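Everything on this sheet refers to the single structure shown next.
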Amino acid sequence: MRHLRAALARIAGFFTRDRADDDLRDELQSHLDMETAEYIRRGMQPDEARRRAMLASGGLTQAAEAVRDRRGLPWLENAAADVRYALRALRRSPGFTAVVVLTLALGIGANTAIFSVVRGVLLRPLPHRDGDRLIYLRHSVDGPGRGNIQFSVPEVGDLRAGAPSLAGIAEYSPWFGTLQGDDGARRIDIGLVTGNFFEVMGLAPAPPPAPIATTGPASRR
Amino acid sequence: MAEKLDVRQGTLALMILRTLEVLGPLHGYGVARRIEETSKNRLTLNYGTLYPALLKLEQEGFVTAEWRQSENNRRAKYYSLTAAGRRQVAREAREWHRTADLIAAFLAPRREAL
């Protein structure tokens, strides 16, 4: 309870420190005056009395500093002072600042870009079901461009019949077609899949997209 | 001249609280004088020791401070004990007595004491 109270008082002290500084200066000064008056009362010369009082105080500045450490949030004030100092230093040397900012920007940008790719490719699971039970079959023959050749229909039939440990086999073949419109032709990429593809992958087929291009002239304008 | 002692950590708060309990509301100078007198000048308090301690007690709610006119017409900041401060004096005094008894028993000259 008392620690909580003290902590709250410190936070409050952080916001009222200017007024508190005046207050503290007055308080230390009144102490010094009273002590000086006491020495004079005991028969000292005013100068000597003041000197003695000053000596006994241990230094007003040090005392004010010690109280300030106790009052607000010195670490926050120090951090703010450090930031201000850093900003001043950066403003004084714009060339250096530009290099630092550019370095940071490139570093952060490159990291973000790489992470985006890593996340998309490696970290984020693909939307299919049961990724740990899914295997990818491919076969290849020697020769350039033949690292991933297509399966023939009988081969797929053999795999279906001969690999009972697989719950289902679906095929996918890339293909492309040409779409001929009034204003020219364009190539479209096509994925050919077997009827059980969506079932095996645990996906729901998306609703058929709107036609990419219609034959009417209005769609392109 | 008596040997000077440093104010031991944690003891100053109790000295201040007890001083305020005995003398009533008092300014920092008065507290310092009283502590020095009570200690027969074995302790001296500079401002850097006294005022942070007073502030800490104020933050903890054991004392309150307000500016007032002093007896010889100066303005001074007077500290007074709160109800929580009164309870704290009693509690800390009890603890100090217990600790002092304990240490005294250990430092007793006779072997049988241990």
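The values are calculated or read from the model by the stated rules, or taken from the named source; none is laboratory data. Values in this document were obtained by computation on a predicted structure and should not be read as measured data. Cβ: placed from backbone, ideal geometry, glycine included. Neighbour counts: every protein chain shown. These area figures cover heavy atoms from the full protein model, side chains too; ligands, DNA and RNA do not enter into them. Shrake-Rupley method; radii C 1.70, N 1.55, O 1.52, S 1.80 Å.
Structure values in brief
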| item | result |
| --- | --- |
| Members of region B:65-104 found to be touching a helix residue (DSSP H, G or I) at 6+ places or on another chain (Cβ under 7 Å), in contact (Cβ under 8 Å) with a residue 12 or more places away in the chain and in a strand (DSSP E or B), listed by number | B:Ala65, B:Ala76, B:Lys77, B:Tyr79, B:Ser80, B:Leu81 |
| A:Gly145 being open to solvent by less than 100 Å² (accessible area, probe 1.4 Å) and within 14 Å of another protein chain (Cβ to nearest Cβ) | no |
| Test set (1) more than 9 Å from every other protein chain (Cβ to nearest Cβ); (2) among the charged types (D, E, K, R); (3) open to solvent by 90 Å² or more (accessible area, probe 1.4 Å) - B:Arg75 fails condition number | (1) |
| Every residue from region A:9-29 that is part of a helix (DSSP H, G or I) and open to solvent by less than 70 Å² (accessible area, probe 1.4 Å) | A:Ala9, A:Arg10, A:Ala12, A:Gly13, A:Phe14, A:Ala20, A:Asp21, A:Asp23, A:Leu24, A:Glu27, A:Leu28 |
| Odd one out for A:Ser93, checked against (1) within 25 Å of B:Leu43 (Cα to Cα); (2) more than 8 Å from every other protein chain (Cβ to nearest Cβ); (3) among the hydroxyl-bearing types (Ser, Thr, Tyr) | (1) |
| Filter result for the condition that a residue is touching a helix residue (DSSP H, G or I) at 6+ places or on another chain (Cβ under 7 Å) and of a type outside the set (Phe, Trp, Tyr), over B:Thr44, B:Thr11 | B:Thr44 |
| Residue check, A:Arg50 more than 9 Å from every other protein chain (Cβ to nearest Cβ) and either of a type in the set (D, E, K, R) or surrounded by fewer than 18 Cβ atoms within 10 Å (Cβ to Cβ) (or both) | yes |
| Qualifying positions in region A:43-73 - at pLDDT below 90 and acidic (Asp, Glu) | A:Glu65, A:Asp69 |
| Residues (of a type in the set (A, V, I, L, M), over 16 Å from A:Phe197 (Cα atoms) and either open to solvent by 100 Å² or more (accessible area, probe 1.4 Å) or not in a loop (DSSP other than H, G, I, E, B) (or both)) located in region A:148-184 | A:Ile149, A:Ala161, A:Leu179 |
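A quick yes/no check of all residues on (1) within 14 Å of another protein chain (Cβ to nearest Cβ); (2) farther than 28 Å from B:Thr44 by Cα; (3) touching a residue at least 24 places away in the same chain (Cβ under 8 Å):
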residue	(1), (2), (3)
A:Ala6	yes, no, no
A:Arg10	yes, no, yes
A:Thr36	yes, no, no
A:Gly59	yes, no, no
A:Ala63	yes, no, yes
A:Val67	yes, no, yes
A:Tyr85	no, yes, no
A:Thr97	no, yes, no
A:Val101	no, yes, no
